[in-house]
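Remarks on the structure that follows.
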Amino acid sequence: MPNDFLIDPEIIKKDCEIPKLIAKLSYHDKEAAIIFIRKYGEMTVPVTPLYEEVIKALAYFVNDNEEKVNKESEQKIINSAEGKRKIRGAKKLTEYLESINCPMSTSTIYRLLRTNDIPHSRPSTGVLLFDLDDIDQWLRDG
């Protein structure tokens, strides 16, 4: 039986799920959620790729039972990705810098990101990673 719909029902289903998924993501990563809200609202990304990006970002924080991945295993996942010490997000970088007696506000970190004056990577949309070895070297180089 041919599909009589003008729009694929799967796309409609995904389109309806995106706001719910973004809401779940906002509990774990507010910055990424805001980026996805903008993309969704401005319709800058087609539904299916946006849906997949949100699922991928949410999967980083949530296991099959939709419980938070504990912080230790989250950090191990990042570290094992490239065998380096990495942290995700400006807030975690702020915490790290405070722990090594080099306090810096998140607003300062964002200013440094805008001017590309702090080492970082963005492996995918809404994901901001800092390699702690690079950060330590950056601090030493002053």
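Read the figures in this text as sums done on the coordinates, not as results from a lab. Small disclaimer: the values here were computed from a predicted structure and weren't measured. Note that we place each Cβ from the backbone using ideal geometry, even for glycine, and neighbour counts take in every protein chain shown.
When 1/r is averaged over all different Cα pairs and the result inverted, which Kirkwood radius in Å belongs to the range 9-61?
10.8 Å
For an R0 of 30 angstrom, estimate the FRET efficiency from the Cβ-Cβ distance between Thr115 and Ile34 and round to the nearest 0.05.
The computed FRET efficiency comes out at 0.90.
Check Arg85: other-chain or 5+ apart residues with amide H under 5 Å from its amide H, H built from backbone geometry?
So Arg85 has HN proximity to Leu132, Asp133.
HN-Hα J couplings of the range 123-132 from phi, Karplus 6.51/-1.76/1.60, θ = phi - 60°, integer Hz, Gly and Pro as x?
x, 7, 4, x, 10, 10, 10, 10, 7, 5
For the cross-link pairs Lys13/Lys86; Lys14/Lys86; Lys24/Lys92; Lys20/Lys92; Lys56/Lys86, which exceed 29 Å when the distance is taken from alpha carbon to alpha carbon?
Lys13/Lys86; Lys14/Lys86, as the Cα separations exceed 29 Å there.
What does the highest-first list of 20-31, 39-50 look like by mean Cβ count within 10 Å?
20-31, 39-50
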